[in-house]
Structure formats: C-alpha cells, structure tokens
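Novice: I have a structure here, written as structure tokens, and I will follow up with some questions on it.
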Amino acid sequence: MPETGLDAETFEAFITTLRRFVRERMIPAEPQVFEDDRIPEPLLNEMREMGLMGLSVPEAYGGPGLSMGQYLQAVAEIAYAAPAFRSAMAIGTGIITTALKLDGTEEQRQEYLPRLVAGEIASFCLTEPDSGSDSAAMKTRAVKDGDFYVLNGSKRYITNAPQANFFLVMARTSAESLPGNAHVSGFLIPLGTPGLSIGKPDKKMGQRGALTADVVLEEVRVPASALLGGVEGKGFKTAMKALDGGRLSVTASALGLSRRTLDVALRYANERKAFGETIANFQLVQAMLADSQVELYAGECMLRDAVAKAETGQSILKEGAACKIFASEALGRIADRCVQIFGGAGYMAEYDAERLYRDARVFRIYEGTTQILQLVIARAMLKEYAQGF
Ligand code: COS
C-alpha cells in the first residue's frame, strides 16, 4: 500500500527547512564539492542528521514515511543544488528502499531500512562492463554452496560505490538464461565482506562529487539470508520495478536542476548588458527563457499526474518512462539555452552555465536511456493493443 505521508503542515515545515539547507549549506559548498570531487564529510553528516538518507523509509522502520509525491518534491528541492547531493541519498531512499519494500523479506527490511534512516549510503549494482541496457545479459554469477552463495563478477559505473555501506547486487543464479529473465537474483552485501572491492572513482564529464566506481566480487561468500526475498529468480523483476520508481526520482531531479538552470539564465539575462540595455529586454532572449519555462512546467505537470496515478495504486510503467524521457530531454534543451544566453561566457568554465550543461547530459542516459524507455512505452502500447485495449 502506498504511504499516506506526513500531514500537509508538517510536510510544509520540512520542505521550508530543506529549501533553506539547500540554499545556505549545499549551494555554498558546491565549489569545494567540484574541487574535491566529493561532498565534504561534515556536510554529508548534516545530510544524515536531517534524515535525508532514509526519506522514503516507512514509519514502521523508523523513517518519516513520506508519500511518493512528498518524497519526489524533496528530491526536486535537493536537486536544485549540485547533482552530487541527490546522488548520495537517492539510491538508498529510492531503488534500494523500493526493492526492500516490494520484495525483501521482513528480516531484510528490519535489517537494512533502519540503517538508511541512520544515514548509511547504499549502492545498486546492476550494470556490468558488457551489459548496460541489456541488463539481463549480466555475467556475475552467484553459485549456491550449502547455506551460502558464492559470487564472482564485476559491476560498472556503480553510483555511490566509493562511499556505500551496503550493496544490492544483481547476479545470475543460473548459467542458462531463463524465460522472464528468471536467472537473475538480488543479494544484499555489506561493505567489508571479504572478496568485495571497490575500484577507483570514475572520471566523468560532469556531476563532480557524485561518485561512481566498479564493484568487484571475487569469491564473495554470503549466507543464503542475503538473497533478496529469500527466493531465486526474482531479481530482474525487482530491478525493473525499482527502476520504474527510480525513473520518477530522476525526473524530479531533472526538474530541480532545470529550475536551477533557468534561474541562473534569468539572473544572467538581467545582469548582462548589450547594446546599452540588459539582454533580458531582447525578445529573442525572452523566447529562450519562455521556452524553458514551458518545458519545465510541462515536466512538473507530467510528474504530478504520474504520482497521482501511482498513489492510487495504478501501474505507471508508461508514465514513469514518459516523465523521465521528457524531463531529461527538456533539461538538455534548458541547459543548452542557458549556455546560449550566457554567450561566450557560457563556454567558459568559470561560469555556472558550462558546468550545468555538462551535469545535464547524463540524465538522458542513466536509469534507462531515452531509447530504452521508448521501447518500454511502445512495448506496453503494443501489449495493450494485442489485448484489445
Ligand atoms: N515491472 C514489473 N515487471 C517487469 C517490468 C517492470 N517494470 N519490466 C519487465 N518486467 C518483467 C516482464 O513482465 C517479464 O516477465 P514475464 O516474462 O513473467 O512477463 C520479465 O520482467 C522480463 O521482461 P522483458 O522480457 O521485457 O525483459 P528484456 O530482457 O527484454 O528487457 C528492458 C527489457 C530492455 C526494457 C530492460 O532490460 C531494461 O529496462 N533495461 C534498462 C536497464 C537500465 O535502466 N539500466 C540502467 C542502469 S541501472 S541504474
């Protein structure tokens, strides 16, 4: 059952505090985050103390029990600051919490959900060197050995890996590929398990401070109780369901970053002068600002609609994919217009526009590329058609 969420007044007070935290603590720390490629530990601790790592955890496990809509509003607020901040909290409170809530055993929920509330960081390990979009083609193996499983393989571009306390690892429990991708199972593995090691943080185009790295598993021995849900073969469907929610989180994040980008463009257009007046007076600049505002508003409306459907228990397979496609592609255009409004300064690293443009690019790729999501939507449409609508 979806969470009913905080009452409106308590939630409004939380959002006001969060907005202040974003503007007074996160945004001023951005230069240091970019310089060090890491969120400073004291600031990460402040995020932990605010409960941001366990925002979507139900009350029964010690979390605030935000509704989906409330959670996504919080994500959009955090995403107004550099993407590193959302990245640190949103895997644990998003994909991992969803996977545990939907398909974890009660013992696994009781073990891991309170750890997120206490500020632990989590990683979701699906992608591999040879399997990205075709995630079921993974090679990582988990072989049963009495009351244990032994895992071998490597995972790639894993968000939060260098700072994660625990990992949800998808692995093959059957060498053969099975119908419905039932060869895939999920395993919860804490940091410090012998044989689990983390590669060097990747060097990326943007999103500095949002850490990704390889996760290598060499003869990693875990008890059978680490198998998500205690049942083999459910991992792929768990991953897909969790990614459906993750795509709404990426949407909220793209909208938060779009809002920031548009504010940056609006401020510059009001400060920069050309031909004796501010460039905000020029109609061609106004057109770019207005187009960005239209797209941002459309994305916000789409997300609200998808959330409303999800909160009444309806499937949002198509809607979630549509939201993520639209908001990430719109962010790309909004960031591009921001650079254009900045003119020559937009190409220079000392201004925000250049950084925002690089940060925006990956939204169209991670948690399902635009092209994979087109397939998801089209397949659902064709299935509905075949069933006679
Ligand atoms: N919710 C519930 N079940 C789902 C589902 C979803 N969102 N998506 C698929 N399934 C189920 C299907 O119903 C099917 O089960 P049945 O055979 O019992 O009906 C099973 O899972 C296999 O689905 P499908 O045949 O569609 O799997 P494919 O191997 O063809 O893969 C795509 C489908 C390409 C859509 C999938 O691999 C995908 O989303 N890839 C992108 C992964 C991604 O986002 N990677 C980014 C990195 S993760 S941060």
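The values are calculated or read from the model by the stated rules, or taken from the named source; none is laboratory data. Quick caveat, the model's predicted, so the values are computed rather than measured. Glycine gets a Cβ as well: all are built from the backbone with ideal geometry, and neighbour counts include every protein chain shown.
Novice: How many residues are more than 6 Å from the ligand (Cβ to nearest atom), in a helix (DSSP H, G or I) and in contact with a strand residue (DSSP E or B) (Cβ under 6 Å, 6 or more places away or on another chain) if we restrict to region 228-238? Spell out the reasoning first.
Specialist: Start the filter on region 228-238 by keeping residues that are more than 6 Å from the ligand (Cβ to nearest atom), which leaves 228-235, 238.
Within this subset, residues satisfying the condition of being in a helix (DSSP H, G or I) are 228-230, 235, 238.
Filter once more, so that each one left must be in contact with a strand residue (DSSP E or B) (Cβ under 6 Å, 6 or more places away or on another chain): 228, 235, 238.
Final tally of qualifying residues: 3.
Novice: So, one more: Might you check whether a residue that is crowded, with 24+ Cβ neighbours inside 10 Å and either modelled with pLDDT under 95 or more than 16 Å from the ligand (Cβ to nearest atom) (or both) occurs anywhere in region 127-148?
Specialist: Within region 127-148, one or more residues are crowded, with 24+ Cβ neighbours inside 10 Å and either modelled with pLDDT under 95 or more than 16 Å from the ligand (Cβ to nearest atom) (or both).
Novice: Same structure again: Of the residues L375, L356, L382, only one is assigned to a helix (DSSP H, G or I), assigned by TED's automatic domain parsing to the domain that holds L248 and either in contact with a Ser or Thr (Cβ under 7 Å, 6 or more places away or on another chain) or among the small types (G, A, S) (or both); which? If you could, list the steps in order and put the result at the bottom.
Specialist: Details: L375 fails: either in contact with a Ser or Thr (Cβ under 7 Å, 6 or more places away or on another chain) or among the small types (G, A, S) (or both); L382 fails: either in contact with a Ser or Thr (Cβ under 7 Å, 6 or more places away or on another chain) or among the small types (G, A, S) (or both).
Checking each option against the conditions leaves just L356.
Novice: Among the residues of region 170-178, is any assigned to a strand (DSSP E or B), within 23 Å of E367 (Cα to Cα), within 14 Å of the ligand (Cβ to nearest atom) and not assigned by TED's automatic domain parsing to the domain that holds L102?
Specialist: So the first thing to find is which residues in region 170-178 are assigned to a strand (DSSP E or B), and the list is 170-172.
Next, from what is left, pick out any that are within 23 Å of E367 (Cα to Cα): 170-172.
Now drop any that are not within 14 Å of the ligand (Cβ to nearest atom), which leaves 170, 172.
Within this subset, residues satisfying the condition of being not assigned by TED's automatic domain parsing to the domain that holds L102 are 170, 172.
Yes - at least one qualifying residue is present in region 170-178.
Novice: Could you grab the pairs with beta carbons closer than 6 Å, sequence gap of 6+ or different chains, first residue in region 66-95 and of a type in the set (K, R), second one part of a loop (DSSP other than H, G, I, E, B)?
Specialist: Partner pairs satisfying both residue conditions: R86/A79.
Novice: Pick from region 239-272 the residues that are farther than 18 Å from T97 by Cβ and hydrophobic (A, V, I, L, M, F, W, C): which of them is nearest to the ligand (Cβ to nearest atom)? Reasoning before the result, please.
Specialist: Step one: of region 239-272, the residues farther than 18 Å from T97 by Cβ are 254-272.
Checking which are hydrophobic (A, V, I, L, M, F, W, C) leaves us with 254-255, 257, 262, 264-266, 269.
Numbers: A254: 15, L255: 19, L257: 18, L262: 27, V264: 28, A265: 29, L266: 32, A269: 36 Å.
Looking at the filtered set, the residue picked out is A254.
Novice: Another question, then. Scan region 343-360 for residues that are under 30 Å from G320 (Cα atoms) and out of contact with any Leu (no Cβ under 9 Å at 6 or more places or on another chain) and jot them down. So that I can check it myself, show each step before the final result.
Specialist: Our first condition is that a residue be under 30 Å from G320 (Cα atoms); within region 343-360, this holds for 352-360.
The answer is D352, A353, E354, R355, Y357, R358.
Novice: Evaluate the following for R221: is it at pLDDT 95 or above, in a helix (DSSP H, G or I) and charged (D, E, K, R)?
Specialist: Details: at pLDDT 95 or above: yes; in a helix (DSSP H, G or I): no; charged (D, E, K, R): yes.
In short, no.
Novice: List the residue pairs whose Cβ atoms are under 9 Å apart, where the first residue sits in region 31-43 and is not assigned by TED's automatic domain parsing to the domain that holds D359, the second is in a helix (DSSP H, G or I) and among the β-branched types (V, I, T), and the two are 6 or more positions apart or on different chains.
Specialist: That search, which allows pairs on different chains as well, returns I39/V33; P40/V33; L43/V33.
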